[in-house]
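Accompanying notes for the structure given below.
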Amino acid sequence: MTQIMTGNKVKNGMNLVLITLLSMTILSSCAKKDDRIRATVKTQQTNLNPTVSAQADQQGASVSADYKIATVAIPTQTGSGFTVSVELQSPSGEILPLTTRHENGVLDSEGVYSDSQRGLQIYVQARCSQDSCTKYTLIVTTFRNNQALYQAAAISYKDDCKFNSVSASYSAGSFIQSLNDAENKYNTQPQGDCPIEI
């Protein structure tokens, strides 16, 4: 009698688990996905010069100076302009989040981050375009002892799914000298492949 009761309890418990799993599967398959939602952070990129960038990345890594641009977010509107969140990846793989501010009519933003462990200074320059920050340009240059070793740059359009990127090192490619230089050197065009607002 005890074995029958235990068997029924196990059977009832299994039935409950199966019914729950079946219900969850049915409910999740019936849930309509919103096609209008897009990612607010871009993790994919289109390299503007893959051969040179590959050489530069290798050289930058060989001297532990390759601070790469990992993600670029869609611009966020504030009461006085825009901010853009970016993630840099350090030479050892750590993620360094930063936010550039483009407010009160000041479109350009810049700053320096010191990596004392590697003896590096990382100089960041960023620009939002005047038309509601639809184009965002970012240059990250790594220095050691006042010598530029590695540079990563990104050009991102608000309605694109990916951002454009390029890198250079002390002997591969050429360093971008300014935000104006970046915009003149790389005449990129928006793709408009992610135009849906969230």
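Read the figures in this text as sums done on the coordinates, not as results from a lab. A quick note: this is a predicted structure, and the numbers were derived from the prediction, not measured. Don't worry about glycine lacking a Cβ; one is built from the backbone with ideal geometry, like all the others, and counts go over all protein chains shown.
Can you tell me the mean projection area, over all orientations, of the convex hull of the range 41-185's alpha carbons? Units nm², please. Mind showing how you got there, number by number?
Details: hull surface 32.4 nm².
That works out to 8.1 nm², a quarter of the Cα hull's surface.
Between beta-carbons, use under 14 Å as the cut-off and find the net charge around residue 99, counting Lys and Arg +1, Asp and Glu -1. Each step should come with its number before you reach the end.
Values: positive: 101; negative: 87, 103, 110.
Overall, the nearby charge balance is -2.
Evaluate 2.2 N^0.38 Å with N set to the residue count of the range 75-148, then give the Cα radius of gyration divided by it.
Values: Rg = 13.6 Å, N = 74, 2.2 N^0.38 = 11.3 Å.
Taking N as the residue count of the range 75-148, the ratio is 1.21.
Per q in 0.15, 0.16 1/Å, what log10 I(q)/I(0) does a Debye calculation on the alpha-carbon atoms of the range 112-198 return?
-0.61, -0.68
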